[in-house]
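Colleague: First the structure, which I've put down as structure tokens, then a few questions once you've had a look.
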Amino acid sequence: MKNFSDFGINTLNDKNIFPVPSISITDVINFEIEVIDYESGVKTRHGDGRYVVKIKQNGIDCKFFTNATPIKEALDKIPKTDFPFKTTIKQQKFGAGSGKTFYFT
């Protein structure tokens, strides 16, 4: 009998899913984190085009999902050879409503 692995089928479509615990981006606001890696174009229940970001905080690997344009644009500009790097995530509120975004500092 064959093993599934013998078929050479990639069920994850070459996507990094980072098998680590998932947290909310708000859990790491104003704390220094180490950004390990990321994957773009992730579809979640909140929509398409999200990024999943693998981080390390206090020695623990975890990940968060984001659609924050400032973070997505920053990640796209950083060469993969410069990962990992340290940063702090800040939150910026805008407008009279509940509008907000997140960015690296």
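Colleague: Quick one: K100 ticks every box in (1) surrounded by 10 or more Cβ atoms within 10 Å (Cβ to Cβ); (2) within 15 Å of the chain's Cα centre (by Cα); (3) modelled with pLDDT under 95; (4) not β-branched (V, I, T) bar one, so which box is it?
Modeller: Evaluating K100 over (1) surrounded by 10 or more Cβ atoms within 10 Å (Cβ to Cβ); (2) within 15 Å of the chain's Cα centre (by Cα); (3) modelled with pLDDT under 95; (4) not β-branched (V, I, T) leaves (2) as the failure.
Colleague: For the range 53-64, how many residues meet the condition of being touching a strand residue (DSSP E or B) at 6+ places or on another chain (Cβ under 7 Å) and modelled with pLDDT under 95?
Modeller: 1
Colleague: Also: I want to confirm something. Restricting to the range 21-63 and keeping residues that are under 25 Å from F94 (Cβ atoms) and out of contact with any Phe, Trp or Tyr (no Cβ under 9 Å at 6 or more places or on another chain), which single residue is surrounded by the fewest Cβ atoms within 10 Å (Cβ to Cβ)?
Modeller: Of the residues in the range 21-63, the ones under 25 Å from F94 (Cβ atoms) are 23-33, 35, 38, 40, 42, 44-53, 55.
Now narrow it down to the ones that are out of contact with any Phe, Trp or Tyr (no Cβ under 9 Å at 6 or more places or on another chain): 30-33, 45, 47-49.
On the way: N30: 9, F31: 11, E32: 12, I33: 21, R45: 6, G47: 9, D48: 9, G49: 11.
Going through the qualifying residues, I end up with R45.
Colleague: Looking at the range 60-82, I want the residues that are farther than 12 Å from Y38 by Cα and have a partner that is small (G, A, S) with Cβ atoms under 8 Å, at least 6 apart or on another chain. Which pairs are those?
Modeller: Within 8 Å, the pairs are N67/G47; N67/G49.
Colleague: Which one is nearest to K100 (Cα to Cα), of the residues in the range 37-78 that are part of a strand (DSSP E or B) and among the basic types (K, R)?
Modeller: Filtering the range 37-78 down to residues part of a strand (DSSP E or B) leaves 37-44, 47-57, 60-66.
Filter once more, so that each one left must be among the basic types (K, R): 43, 50, 54, 56, 63.
Details: K43: 21, R50: 16, K54: 22, K56: 24, K63: 20 Å.
Once the filter is applied, the top-ranked residue is R50.
The values are calculated or read from the model by the stated rules, or taken from the named source; none is laboratory data. All figures in this text were calculated on a predicted structure; none of them were measured in a lab. Cβ: placed from backbone, ideal geometry, glycine included. Neighbour counts: every protein chain shown.
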